[in-house]
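The next block holds one structure in the form of structure tokens; read it before the comments.
The values are calculated or read from the model by the stated rules, or taken from the named source; none is laboratory data. Just so we're clear, the structure is a prediction, and the values are computed from it rather than from any experiment. Here the Cβ positions follow ideal geometry from the backbone for every residue, glycine too, while neighbour counts run over all protein chains shown.
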Amino acid sequence: MNKLKGKWLVLLSIVFLYGCAQTNILDKVGLTTLVGYDIGKEEKIATTAVIREVNPEFQSNVEVLTTENDTSKGNRMEANRKLSKKIMVGQMRVILFGEELAKDDLRYYLDTNLENASVSNGIFMAVVEGEAAPLLKYEYKNIEDIGQHIFRLIEQNVKQEYMISSTLHQIAHDYYSIGKDLAMPILKRDDELVELSGVALFKGSKMVSTLPVKDSFYVKIVRDTFKVGLYETILDNEDVPSKILQKKANKITVAFDAIHSKREIQLIDADKPTFDLNIKIKSRVLEVYPDINQGDPKSVSALEKAIEKKLSKEVSRVIAHSQEVESDIFGFGEKYRSSVRHSELTKEKWHKMYKDMKVNVHVDFVILRNGVFE
């Protein structure tokens, strides 16, 4: 009897607690899928939120709302006063920053989102050419939900390795790390489309420069491994022996997919920081124009050497640019700090050292001869 009474007490407790819990019925809330930040008037924060509302018939409606306040939480309160449904941020997938704001300082926005338990560490972060609000509020002919569209745009380009990944977790790691700076994709509106247009380079929490979108490949093979992406490069005529070409040409275009890449950074001189950067790429060449005899080992070897020379030159150029603006997005400082005992490295100290750093770039490019060419 006592056991039965105890079970009833437990059941009643569960029912009581369940009744006290706050529930969020889908048709009573607005789901924020994307937030864009710009500099507002009188130093306020201008927040543009893309909010999906679902009615009882499970038909959805997308609202794009801009508010200005002193804090991001104040902007959410302002938005709630303008909507009939409570705004929830648990479904947020992307955070965008206007270009002017990114150049000013993102410290507050990074800390605020990291401290918010409702915000997933897996959300993407990116910079917008110009301001975020006009990009989000434009009425696109073929885009129903601009929040979901931008999320899928970034997600599929990251998965196919056309663009670097910049989740909140990754950004936080690079931001707080001594010896590495953060980088984000850049978006812009192109008529009725939204496209990825480049890579934003940061020094601390301030954007200091950009790279064109084609350079994201070089950034990625230095920062990370490359496994599934497709890339196209143009070789200079003098770098490819004319005898291997089927016909004369001023330039040679090569498209390849990087089946596997691996990079290794070694510190060889700590006094004046000098590194050896070794990049190994095993790839399948998909297309060469003008064509070469890919069945001839000597022609394939010559093509490999030409690609190695081209990639070494481009990687060196991108690293040199990052040094000019003191943005170590590659993490050479992390390698220096882990290799030099008692270095007492700080962000400020490394940024000064980074400008004079020397990197010896070596690329080993191997064409996989599996007999399959597209």
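Results, tabulated for the structure shown:
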| item | result |
| --- | --- |
| Single match in Lys335, Lys358 (criterion: surrounded by fewer than 14 Cβ atoms within 10 Å (Cβ to Cβ), of a type outside the set (Gly, Ala, Ser) and either at pLDDT 95 or above or touching a Gly at 6+ places or on another chain (Cβ under 8 Å) (or both)) | Lys358 |
| Where a residue in the range 122-146 is closer than 12 Å to Glu192 by Cβ and its partner, wherever it lies, is acidic (Asp, Glu) and not in a helix (DSSP H, G or I), with Cβ under 9 Å and at least six apart | Tyr138/Glu192; Tyr140/Glu192; Lys141/Glu192; Asn142/Glu192; Ile143/Glu192 |
| Breaking point among (1) within 19 Å of Glu63 (Cα to Cα); (2) outside any loop (DSSP other than H, G, I, E, B); (3) over 15 Å from the mean Cα position of the chain (by Cα), for Leu96 | (3) |
| Conditions (1) within 25 Å of Leu101 (Cβ to Cβ); (2) of a type outside the set (Lys, Arg); (3) not assigned by TED's automatic domain parsing to the domain that holds Thr33: number failed by Glu155 | (3) |
| Members of the range 308-351 found to be in a loop (DSSP other than H, G, I, E, B), in contact (Cβ under 8 Å) with a residue 40 or more places away in the chain and acidic (Asp, Glu), listed by number | Glu326, Asp328 |
| Residues located in the range 133-161, provided they are assigned to a helix (DSSP H, G or I) and hydrophobic (A, V, I, L, M, F, W, C) | Ala133, Leu135, Leu136, Ile146, Ile150, Phe151, Leu153, Ile154, Val158 |
| Residue match in the range 225-234 (condition: among the β-branched types (Val, Ile, Thr), modelled with pLDDT of 95 or more and under 30 Å from Gly179 (Cβ atoms)) | no |
| Residue satisfying condition, being within 21 Å of the chain's Cα centre (by Cα) and modelled with pLDDT of 95 or more, within set Arg317, Arg263 | Arg317 |
| Residue count, the range 176-193 (criterion: on the phi < 0 side of the Ramachandran plot and crowded, with 20+ Cβ neighbours inside 10 Å) | 8 |
| Verdict on Lys298 being more than 15 Å from Asp239 (Cα to Cα) and charged (D, E, K, R) | no |
